[in-house]
1. Identify the residue in segment 213-242 that is surrounded by fewer than 17 Cβ atoms within 10 Å (Cβ to Cβ) and within 16 Å of G122 (Cβ to Cβ) and, among all such residues, is modelled with the highest pLDDT.
2. Can you confirm whether F348 is surrounded by 15 or more Cβ atoms within 10 Å (Cβ to Cβ) and more than 16 Å from L30 (Cα to Cα)?
3. Could you grab me the full set of residues in segment 230-263 that are of a type in the set (S, T, N, Q) and part of a loop (DSSP other than H, G, I, E, B)?
4. Looking only at residues in segment 341-362 that are touching a residue at least 12 places away in the same chain (Cβ under 8 Å), in a loop (DSSP other than H, G, I, E, B) and of a type outside the set (A, V, I, L, M), which one is nearest to L119 (Cα to Cα)?
5. Kindly provide the set of residues from segment 136-169 that are touching a Phe, Trp or Tyr at 6+ places or on another chain (Cβ under 9 Å) and under 13 Å from I83 (Cβ atoms), ordered by number.
6. Yes or no: segment 265-276 includes at least one residue that is touching a residue at least 60 places away in the same chain (Cβ under 8 Å), of a type in the set (D, E, K, R), more than 18 Å from A164 (Cβ to Cβ) and assigned to a helix (DSSP H, G or I).
7. Any chance segment 172-185 includes a residue that's in contact (Cβ under 8 Å) with a residue 24 or more places away in the chain and of a type in the set (K, R)?
8. Have a look at T335, T313 and point out the one that is touching a residue at least 60 places away in the same chain (Cβ under 8 Å), crowded, with 19+ Cβ neighbours inside 10 Å, over 22 Å from W58 (Cβ atoms) and touching a Leu at 6+ places or on another chain (Cβ under 9 Å).
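The values are calculated or read from the model by the stated rules, or taken from the named source; none is laboratory data. Given the structure is predicted, the values throughout are model-derived calculations rather than measurements. Cβ placement follows ideal geometry from the backbone for every residue including glycine, while neighbour counts extend to all protein chains displayed.
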Amino acid sequence: MTSDAGPTPPADRIVSLDALRGVALLGILLINVWVFAMPEQTLLNPRVYGDFTGANYWAWAIPHVFAQNKFITLFSALFGAGILLFIDSKEAKGQNAVRLHYRRTAILIAIGLLHAYLLWYGDILVAYGVTALVVVAFRDFSARKLAGLSLVFLSFLPVVELFAAFTIGGDAIASGWAPAEAAIRQQVAAYRGGWVQQLSHRVPSSFSRQTVGLLNGSFWQIGGTMLLGMALYRWGVLTGERSAALYRRLVAFGVVGLAITVAGVFYIEANDWSADAALVWRQFIYVGSFPLAGGYLGLVMLYTRRRPDGPITRALAAVGRTAFTNYLLQTVIATTVFYGHGLGLFGFVSRVELLGFVVAVWAVQIALSVAWLRRFRFGPVEWVWRTLTYGERQPMRNPE
């Protein structure tokens with residue numbers, strides 16, 4: 001046993017896992033950009049704001065089918081795997097792994113609170129941190145038990161929402177599905193204004209997401225997906241240890257998720273985008289996201305196995321190794337472009353133009369991540385997180 005409680009050295013990292021995290025982080029922006037640049041209700045009902053015809057319709061439909069809820073599912077599973085990877089590593093060194101886990105998670109929550117209330121209400125870090133405090137209790141479960149418990153968690157939302165669909169109907173989500181025009185105008189005005197003016201929306205929205213929204217929704221989805229990620233880690237699926245045949249089956253299974261999501265689009269359109277149909281449509285999105293996320297997992301594992309030192313693998317792994325920094329950097333860039341304290345483009349940019357913005361951010365983040373890691377061991381936020389977790393300054397520069 002060793003007394004070294006420091007982080008995993010870069011040389012010991014699992015490249016395929018980092019590359020998968022990089023894919024997930026980049027993919028998340030395809031959906032987050034909608035609520036960076038438009039009223040938050042557009043995430044639930046895209047017809048609430050902005051042009052929804054022609055090219056702009058397809059600029060919504062393609063990310064919806066291929067990205068909405070898919071990359072956050074992948075990222076959540078990786079976060080769950082990361083909990084076990086961290087604990088296994090610390091226990092192997094004879095350290096108090098659970099104490100360190102609670103400490104690093106408390107720091108994550110603190111950073112998330114700052115992110116949510118100072119910059120962007122769509123923060124996911126607080127929900128991840130709170131959920132991580134709970135799911136770590138199941139760290140000693142077998143992979144089979146973790147998968148079974150995951151299914152219990154993941155069943156909560158579909159059961160509740162389908163029950164609401166067939167009892168209450170569209171009234172259950174009416175305020176979010178068809179918000180008052182005055183509320184939309186007020187939100188647009190707030191984010192075209194200065195930082196103080198933005199607080200009128202950001203503070204209550206953040207608080208709602210971290211309380212009622214967490215208890216009634218995100219905790220169950222995130223928790224279930226983290227538990228699934230823990231199971232996949234125990235099975236060696238997320239670490240690239242399984243056969244190529246298994247990853248090819250995951251890719252094939254992804255087609256099922258694609259079909260479910262596309263069927264959901266046909267369903268909501270056939271029902272004229274009614275609130276009653278929306279509760280059922282959400283289940284197409286939710287259920288379809290898991291097999292399609294699995295398909296992405298399979299593709300990345302097959303590619304990184306074939307080209308472990310290739311430029312694409314290295315680039316994606318660099319983004320994955322600096323995912324914490326890059327997640328916050330996406331917020332800084334987007335709020336500077338769209339909010340009133342920056343360029344003030346909130347509500348002015350079409351969905352087609354938003355896709356161009358996403359590609360530009362991807363290019364910047366990939367280039368910066370690769371260049372940064374040539375000189376440094378960690379991303380800047382990762383370095384702060386690790387230094388606070390271990391209570392001592394971590395070495396930052398790569399050895400010469």
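1. G213
2. The answer is no for F348.
3. Those that are of a type in the set (S, T, N, Q) and part of a loop (DSSP other than H, G, I, E, B): T239, S243.
4. The extreme case among them is H341.
5. V136, L146
6. No, segment 265-276 contains no residue that is touching a residue at least 60 places away in the same chain (Cβ under 8 Å), of a type in the set (D, E, K, R), more than 18 Å from A164 (Cβ to Cβ) and assigned to a helix (DSSP H, G or I).
7. Checking segment 172-185: not a single residue is in contact (Cβ under 8 Å) with a residue 24 or more places away in the chain and of a type in the set (K, R).
8. T335
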